[in-house]
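Quick notes on the structure that follows.
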Amino acid sequence: MKRIASRVSQLHGEGALAVYSRAKELERQGRSIIHLELGEPDFHPAAPVVDALRSAVAAGRDRYCSTRGLPALAEAIADYLKRTRGVAATGEQVLVAPGCKMALSLAMMALVEPGDEVLLPDPSFPIYPSFTRGLGATPVAFGLEEKNKFQPDVDEIARKVTPRTTMLIFNSPNNPTGTVFSDAAMEKLAVLARKHDLWVLSDEIYARILFSGEYHSIWSLPGMADRTVIIDGFSKSFAMTGWRLGYAVAPVEVIDAMDLLVLNTFTCAAEFTQVAAIEALRDSTSAVEAMVLEYLKRRDQFVTGLNHIPGFRCQAPDGAFYAWVNIEDTGLSAEEVQRLLLEEAGVAGIAGAAFGPGGKNYLRFSLASARRLLEEALERIQRVSQHWRAAISR
Ligand SMILES: Cc1ncc(COP(=O)(O)O)c(C=O)c1O
């Protein structure tokens with residue numbers, strides 16, 4: 001009998017994509033929808049990056065290339081991480097992949113065994129628990145709670161470590177809460193990782209999208225460079241989602257293991273996108289700074305506006321481009337609010353359970369839309385929520 005391998009049944013999808021399909025269907029019916037569901041920047045790569053891509057294709061840079069990524073790009077990534085976040089890694093410690101998700105899954109395939117326990121935040125990027133299960137391991141969630149300003153409670157994490165725990169995954173700034181883990185939390189996490197000999201997978205995809213201060217990677221703390229895997233890439237910081245380009249930075253033995261996985265699967269990331277990515281890392285036009293400034297303005301506008309609507313409350317995120325909004329005072333479930341906002345107001349957001357059980361009373365709205373659209377979304381939310389408040393109190 002034909003069958004599908006059981007590991008696939010352990011995987012799950014992403015809530016954002018389900019809401020997006022329904023929103024698209026409504027648009028086809030002629031409805032006006034404001035898309036705040038996807039984590040996709042509404043910016044495009046800076047002009048010199050697009051020019052570099054054109055020149056690379058014209059120059060025939062369209063061949064198979066190194067499984068680890070172009071050496072010049074690996075070196076440029078190492079320099080960039082040193083310049084932007086003080087990470088001291090070499091080009092040999094870099095592996096380029098088609099997207100951060102691919103870098104993340106290769107690292108997990110290289111390091112996680114069936115039966116292992118993997119610590120990860122709740123709420124967080126849904127692929128962490130999904131892929132952990134797909135590898136036959138068990139995700140063990142720790143909370144990022146509003147009462148702690150969504151910072152990790154490291155004592156809680158310590159209580160959850162068992163002899164089977166092998167990896168700690170986290171993402172700072174966090175998707176969906178926008179939390180930048182404090183230096184104090186980071187130091188305690190490093191102590192925990194060293195004490196229990198854990199791998200740390202630090203997903204730094206939003207590291208450039210910070211609203212104040214400088215980014216500090218756990219890699220740079222004492223004793224962490226030989227147990228940390230940094231995941232980052234071009235999708236968010238350089239608005240290059242569709243280019244599919246990400247990377248891992250890790251101890252050389254981890255990169256060697258991932259390299260073998262690359263050889264057995266996709267062989268290499270496209271050569272011409274890698275050539276153009278070197279131009280992106282030069283930051284020659286300050287496009288990243290301009291984009292982050294715009295996200296900051298949107299954050300302030302949207303968070304302030306939402307906090308004026310009865311039933312909604314939202315702490316201003318310190319990074320990334322999401323608003324994580326508590327809706328428990330609406331008296332409705334997050335799923336019902338998601339449905340009403342989409343069907344009646346034409347505003348697409350995602351009910352927080354898509355990011356873990358800790359997201360039960362929340363909705364995530366992406367700020368990757370122009371300020372005039374966010375303003376319109378706020379007006380629509382205000383209008384529709386007035387109706388349901390009237391209906392509830394009747
Ligand atoms: C936390 C986090 N990690 C990884 C990814 C995936 O990035 P990429 O599109 O480069 O695969 C995303 C995308 O939304 C994300 O939010």
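Every read-out reported here was derived from the displayed coordinates using simple, explicitly stated rules and does not represent laboratory data. Values in this document were obtained by computation on a predicted structure and should not be read as measured data. A quick note on method: Cβ atoms are made from the backbone with ideal geometry, for glycine too, and the neighbour counts reach across all protein chains shown.
If you bin all the Cα-Cα distances of the stretch 166-285 at 5 Å, starting from zero, the percentages per bin are 2, 10, 18, 21, 19, 16, 10, 4, 0. In order along the stretch 239-250, phi translates into HN-Hα couplings of 6, 10, 3, x, 6, 6, 9, x, 7, 10, 10, 7 Hz, rounded to whole numbers, per the Karplus curve 6.51 cos²θ - 1.76 cosθ + 1.60 with θ = phi - 60° and x for Gly and Pro. Report, to the nearest 10°, how far helix 47-58 tilts away from the longest principal axis of the Cα atoms in the chain, using its own Cα long axis and a range of 0 to 90°. That works out to roughly 50 degrees.
Reducing the stretch 257-335 and the stretch 188-225 to their Cα centroids gives an inter-centroid distance of 19 Å. The Cα atoms of the chain define a convex hull whose projected area, averaged across directions, is 21.5 nm². Only lysine pairs 8 or more places apart, or on different chains, with alpha-carbon atoms under 21 angstrom apart are counted in the stretch 47-281, and they number 8. Our Cα-only numbers for the stretch 136-180 put the radius of gyration and Dmax at 11.5, 33 Å.
Remark: the stretch 47-281 projects, on average over all directions, an area of 12.1 nm² (convex hull of Cα atoms). For the stretch 153-208, the fraction of C-alpha pairs more than 19 angstrom apart is 27%. Taking the chain as a Gaussian network of alpha-carbon nodes connected by springs under 10 Å, the highest mean-square fluctuation of the residues E328, E204, E336 belongs to E336.
Packing, taken as the mean count of other beta carbons within 10 Å per residue, orders the peptides 121-131, 24-34 from highest to lowest as 121-131, 24-34. For the stretch 201-246, the spread of Cα positions along the three principal axes, ordered from largest to smallest, is 36, 25, 10 Å. Geometric descriptor of the stretch 1-97, per residue, is 270 Å³ (volume of the convex hull of the Cα atoms).
Which semi-axis lengths, in whole Å and largest first, follow from the square roots of five times the eigenvalues of the Cα gyration tensor of the stretch 68-158? Mind showing how you got there, number by number?
Working: eigenvalues 163, 75, 24 Å².
They are 29, 19, 11 Å, listed largest first.
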